[in-house]
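The values are calculated or read from the model by the stated rules, or taken from the named source; none is laboratory data. As the structure is a prediction and not an experimental result, all values here were calculated from the model. Neighbour counts are summed over all protein chains in view; Cβ atoms, including those assigned to glycine, are modelled from backbone coordinates with ideal geometry. Calculation scope for accessible area: heavy atoms of the full protein, side chains included, ligands and nucleic acids excluded. Shrake-Rupley method; radii C 1.70, N 1.55, O 1.52, S 1.80 Å.
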Amino acid sequence: MSTKLRPPDYLADSPGTTVVMLGNQAIARGALEAGLHFATAYPGTPSTEILLSLIPAADLYGVRVEWAVNEKVGFEAAVAASLLGLRAMVSMKHVGVNWISDPLLAVNLSGIRGSLVVVVADDPGARSSHNEQDTRYWGFLAELPILEPVDPAEARDMVAEAFELSERLGLPVIVRSQVRVSHARQPVVLGPLSRVEARPCFERHERLLVTGAGGRALRLHAELHRRQEELLRVSESCRFNRLQVPQGAEVAVVTSGVGYGYLQEVLAGARQPVRVLKVGMPFPAPAGTIREVVDGVRAVLVVEEGEPVLELQVRAILQQAGIGLPVRGRHTGHMPPVGELDAEAVGRALQAALGLELDTPELPAGEAALPPLPRRDLTMCAGCPHRATFYALKRVVERVGRHRCIMCGDIGCYSFGSQPPFELVDVKYTMGASVGLASGFSTAGVSDRVFAVIGDSTFLHAGIAALINAAYNGARAVVLVVDNGTVAMTGQQPHPGTGVRATGERAKPVVLEELARAAGAGLVWVVDAYDIEAVEKVLTEAVEFDGLAVVIARRACALEAMRELARQGRRPQPYRVDEDLCTSCQACITELACPALGWDGNVASIIAAECTGCGVCTQVCPAGAITKGG
Amino acid sequence: MDKACDIYAVGVGGQGIMRLSEALSRAAVKAGLEVRISESHGGAQRGGVATGHIRIGYRAKAPVIPARGADAVVGMEVLEAARSGPRFIRPGGVFLVNPISWPPLGVLTGRERLPAVEELVSALRKVAGRLYVVPATEMADRLGRRILANVVMLGALVECAILPFDARCLEDALMETVPAGTEDANREAFAAGRAALREAMER
């Protein structure tokens, strides 16, 4: 007999209750209130909690919840669910859209059935990403509607609305969240959950054969162009538009998303009235409403988070209408060209672009006569198996000659291998790129030794095709797969190699070594990442191998291992430094830099509360001064 | 009566900034006030900086506190408090600081120098209207649970008399967020923080 699961408060079926929820929980809630049937995602900050929040909904409300192997496959799965007439959602971080762009630019032509909502969380300021690309640009390319919430409460409403809109239009709808919505918390009044029974049923239609003969792609493209008028009408009447037309206003601001939040706060201290149009759909921008709000003003400022997506449209709309007003924003230098928006930037723009006077002038930064502060970069955690692997890799690379090795890095916790004390990354782009680069460096004819370092989930996401390419084209390279059995960077989500699904049931685990052999690697080794000597030996062989070598350094993520110990009611057994044996050489600290190691000025020490008992430092200490026992 | 209050909390991953924010937000809802929080996620577990912008009351429209707009800064770690606290503390605001520092990687590997806690605290005194040193980690250690340093700090914060709700309201809210079985320890840490601030004010 199963016990009834108590839902987390943001998933409760109790309309009218106020719950303080995370933006990503609000997005999940909105989908459930719209009758969600199918949800999938690949983890990525700041979007991960959207799917995480939906996992309990699998048992509670019968929603199908999946982690996808990558964004593209997830998107395709969600498209399929919609083609069965279901309500489907796929969520990802902004760079995930680069992966889905290929099928997205075909599905926009075919259209969908049911509904398909693509939620994208942008990262303006690029705190957790390799860039700060603005998802709203995809609107121009895909000619699809984009909704942009200002805060968690509106995100809930917009996601629910996006399902309705998608179903009505028969098109995918994109919701652009961003870190200050996804990772903000706010009280949200719960609405009723909608539970439309899923009746999956496929209907054949020639539209679904987008690439078919007879100019179908052109016909569908022309049709999508024609439908832009319809999207524009939706944008004009969008219930998330806010129009303020105070008496005597001589200037106007057009804004969307979080920009509206900063604007409201700064305008509270403005001495002159300002017309404000906040749009719910930054693509396509509501041309008629924009013409209306600027009628009779002397200047327009566009306030938006990200690129000048709205600004470009406002300028085009006014030009088309023969309105010769100055439109100011990022392109005119009135808003900062890069980075995250803040109230100060909006305040400065209102003064410089519109000549407003503010009651709350910007205050100078606090004058603290501070000494130079050491930087705090992210580091590998105490007990991280990647640290041991990088230690061994460094010894091997230094024997070859560091300057004779090209080190290709990838996306994940192991990208910290670029930092001291390892500094083992020379080039790093995006998911899976390490292996593609290694393939090209080798086959393009460089005589240096070529390495790729890639994590298990990234390998499955985007590394396999590159590995096949490397093997097929005869690359000589060492591909080091640092396999900690989880998507660690985003908080330990399972993946196909873990052998556990999002909702906890077992799946047949993908065996990376079998995959590597099948891809055509000439040498495949699996080794325990904590065993430095063994990793070094295997890597040395791999470097000498005249072909494509794959080394899988395997050991569970330390955070996951600690959690597993705690589940068993056990604690790690920390190591300690024997002060009589410590020679003060600091090798453990300077060569490993484990956060559990300390230095009191005379001898090394181990912070028992931090130590995971991995024992890697005992292998590094030349004096044998590190022993078990707290 | 001005029911608005902006609190900037900063520390390093694992110090409980999110729990602290959550308790304050629940208290605000109990008091019938608007609230919004902006958190830094991702990477905090890997030795990164953790921040929380806790915005209570009508002013809360934007997700983050404007420069020099925080009524209080709660610094759970002195190096991070010194790095970003001065940007946010408003003239005359209250600055609470836990006098511990977690050395970053560059310090561990001997490439950079870690300034002394006292040096940083005295520099911060010049930017805050009031600065109180609350040895939250040390006190939590004495209670046998280092993880409760954030609760000690919450107790200290409520004693500063800047929050638009009372200590009882905050304590009740806090209790909603703590794991079952840890209620007594949390109450004890909360009370210890209140007492520590009262003592600091008398000095």
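A compact table of results
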quantity	calculated
Full-extension gain in nm, B:D172 to B:R198, via 0.36 nm per residue minus C-alpha separation	7.3 nm
Protein accessible area in the protein assembly as shown, 1.4 Å probe - carbon and sulfur %	51 percent
Longest to shortest principal axis, alpha-carbon extents of chain A, angstrom	81, 68, 62
About the Cα centre, charge dipole magnitude for the stretch B:5-202 (Lys/Arg +1, Asp/Glu -1 at Cβ), debye	640 debye
Mean projected area in nm² (Cα convex hull; one quarter of hull surface) for the stretch A:227-311	5.5 nm²
Largest to smallest accessible area among B:R146, A:R476 [probe 1.4 Å]	B:R146, A:R476
Solvent-accessible area per residue for the protein assembly as shown (1.4 angstrom probe, square angstrom)	39 Å²
Farthest positive-ward along the protein assembly as shown dipole, Cα basis, beta-carbon charges - from A:A471, A:A521, A:G322	A:G322
Under 13 Å from B:K61, Cα to Cα: aspartates and glutamates that are on another chain or at least 8 residues apart	A:D151, A:E154, A:E265, A:D342, B:D6, B:E34
Selection from A:T211, A:A587, A:A160, by position along the positive dipole direction of the protein assembly as shown (Cβ)	A:T211
Rounded accessible area of A:K394 (nearest 10 Å², 1.4 Å probe)	50 Å²
Alpha carbon convex hull of the stretch B:116-155, projected area averaged over orientations, nm²	3.3 nm²
FRET efficiency, A:V427 to B:R113 (Cβ-Cβ, R0 41 Å, nearest 0.05)	0.85
Cut-off 19 Å (backbone N to label point 7 Å along Cα→Cβ of B:L143), residues of the stretch B:61-78	B:74-77
Beta bridges by DSSP in the stretch B:5-202, antiparallel share as percent, to the nearest 5	50 percent
Virtual paramagnetic centre 7 Å along Cα→Cβ of A:E398, amide N under 13 Å, in the stretch A:583-598	A:587-593
Cα-projected label distance for A:D528 with A:S447, points at 7 Å along beta-carbon direction, nm	4.0 nm
Projected label distance in nm at A:Q319 and A:S237, using a 7 Å step from Cα toward the beta-carbon	3.1 nm
Positive dipole terminus of the stretch B:5-202, leading residue within B:L114, B:M153, B:A195 (C-beta point charges)	B:L114
Lysines whose Cα lies under 30 Å from that of A:K508, excluding same-chain neighbours fewer than 8 positions away	A:K4, A:K72, A:K93
Beta bridges by DSSP in the protein assembly as shown, antiparallel share as percent, to the nearest 5	30 percent
Debye equation applied to the C-alpha atoms of the stretch B:149-203, log10 I(q)/I(0) at 0.13, 0.16, 0.29 Å⁻¹	-0.29, -0.43, -1.17
Mean projection area, nm², convex hull over Cα of the stretch B:5-202	10.8 nm²
Inter-centroid distance (Cα atoms) of the stretch B:148-162 relative to the stretch A:64-107, Å	45 Å
Segment A:A352-A:C585, length gained on full extension (0.36 nm per residue, minus Cα span)	78.1 nm
Virtual spin-label span in nm between A:A217 and A:R375, 7 Å along Cα→Cβ	4.5 nm
Cross-link partners of A:K394 among aspartates and glutamates (Cα-Cα below 12 Å; sequence separation of 8 or more within a chain)	A:E423, A:E536, A:E591
Theoretical FRET efficiency, 1/(1+(r/R0)^6), r = Cβ-Cβ of A:N131 and B:D184, R0 56 Å, to 0.05	0.70
Extended-chain gain in nm, criterion 0.36 nm per residue less alpha-carbon gap, A:D546 and A:R517	8.9 nm
